[in-house]
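Participant: Handing you this structure, nothing more for now.
The values are calculated or read from the model by the stated rules, or taken from the named source; none is laboratory data. Worth saying up front: this structure is predicted, and the values here are computed from it rather than measured. For neighbour counting, all protein chains shown are included, and Cβ atoms are generated from backbone atoms with ideal geometry for every residue, glycine included. The protein model used for the area step is the full one, side chains on, heavy atoms only, and it has no ligands, DNA or RNA in it. Shrake-Rupley method; radii C 1.70, N 1.55, O 1.52, S 1.80 Å.
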Amino acid sequence: AKSSTAPPTREPGESRLRRDAAVRRPRAVAAAAAGEGADAKGPSATTTAIAFAVFVAVRSVHPIVIDISKTDGKLPYGKATPCVINSLVDVILGNGIAFLCGGMEGLKQCWDPKPLKVFSAIAVLYAFGDFLEMQSMSVMGGAAYQILLQSKLLITALIVWAIRGQRQSLLQWNVLLTIALGMSAFVMVDEAHKARSSKGGGGSSFNPVGLIFVVAKVFFSCLCAVLVEKYLKAYKDMPIYAQVAQLKFTWLWVSLALTITFDAGVTEHGFFSGWDARTAVVALSWVCKGWSTFLVLKNLDSVLKNIGEAVAIVAIYAFDVLIAGTLEGVFPVKGKEFRLDAFLLVMVVVLTVVTYTLATNSSKAVPKKK
């Protein structure tokens, strides 16, 4: 008997193509997802290197510019007036870019009341931080300020512990304590050298009031960083220029109120009293610092950011020792002599900050044992 099984039929070419396309489609989607994942890993090494260099340059040049704007060791202008101008310029720039990029819809995004409430609350703290920074820089040099600024690691650890209940390891607390001791030693050595050389004149590089201002400024900055991370995740898709416009709107008015309230020279002699070309450069430096922070830090993680802050200390110290002396005839700055004790303390603080940063990053990368 002949078998009744029919020979297999070939499916038409069109059906086969549809089937193959259906098989390839999920593979294509998976490949695209893999590509997106690769892009999401972060910027390229070149981009990161450029961002790091720009970050270090801005963080080191900013205190140097403020130092250069001093006359006989003091700021001749209203201390926070450059901050007010900076906020005004940022509001104009943010709204202008929004209009150019999105027309009226983009401009409306800068004045959306829902995120504006959140940004405004945080801007108040930022404005206090800027005001305190200028107050501290008016009584100390850039190198001392940048070193004391590293106390942000300790203060951030305390704030995170209080708000989130996230504790540091024993190793991390020891490193933070070492940073604090290194900063204290540098300030004491610098103050002692200044007292010995006070006969030759020159402005003060540090005093206790400056320390209070720096600690208060660091507290406000660290609190802002924690709050930004906590509350602004819902607006991460908002364009940078719109975020800047919203932040700087309230920032502007708070900075102006602080200037009028605490700076008698502004109310007596006018807002621009004591301004010259150097002061305009200070205001420009504030603008560059703000926009670079928003744009560059998108390409830097917290590890590189903290290391960049530490490297800025070395850059400022190098300027004071190697370059400032050659500019004495052009700007009212005085170079510092190289002192081994100060240099070693600078390196202790820098390397300890790097150690803490790398230790924290390593502890996050090591998986917990089950």
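Participant: Given a Förster distance of 56 Å, report the FRET efficiency between Asp237 and Leu322 from their Cβ-Cβ distance, rounded to the nearest 0.05.
Facilitator: About 0.80, to the nearest 0.05.
Participant: Still on this structure: Principal axis lengths of the range 235-330 from Cα atoms, whole Å, largest first?
Facilitator: Projected onto the principal axes, the Cα atoms of the range 235-330 cover 45, 42, 20 Å.
Participant: I've got another one for you. Computed over the Cα atoms of the range 208-262, what is the convex hull's projected area averaged over all directions, in nm²?
Facilitator: 4.7
Participant: Also, quick follow-up: In whole angstrom, note down how far apart the Cα centers of the range 280-355 and the range 129-195 are.
Facilitator: Comparing the Cα centres of the range 280-355 and the range 129-195, I get a distance of 15 Å.
Participant: Can you pull the one-decimal nm distance between simple spin-label points at Ala49 and Leu295, each 7 Å off the Cα toward Cβ?
Facilitator: 2.1
Participant: Using a Förster distance of 41 Å, how high is the FRET efficiency between Phe331 and Leu158, based on the Cβ-Cβ distance and rounded to 0.05?
Facilitator: 0.60
Participant: Could you order His269, His193, His62 by accessible surface area, starting with the largest, using a probe radius of 1.4 Å?
Facilitator: The residues order as His269, His193, His62, largest area first.
Participant: For the pairs Lys79/Lys248; Lys117/Lys248; Lys74/Lys305; Lys108/Lys289; Lys79/Lys117, flag any whose C-alpha to C-alpha distance is greater than 20 Å.
Facilitator: Checking Cα-Cα distances, Lys74/Lys305; Lys108/Lys289; Lys79/Lys117 exceed 20 Å.
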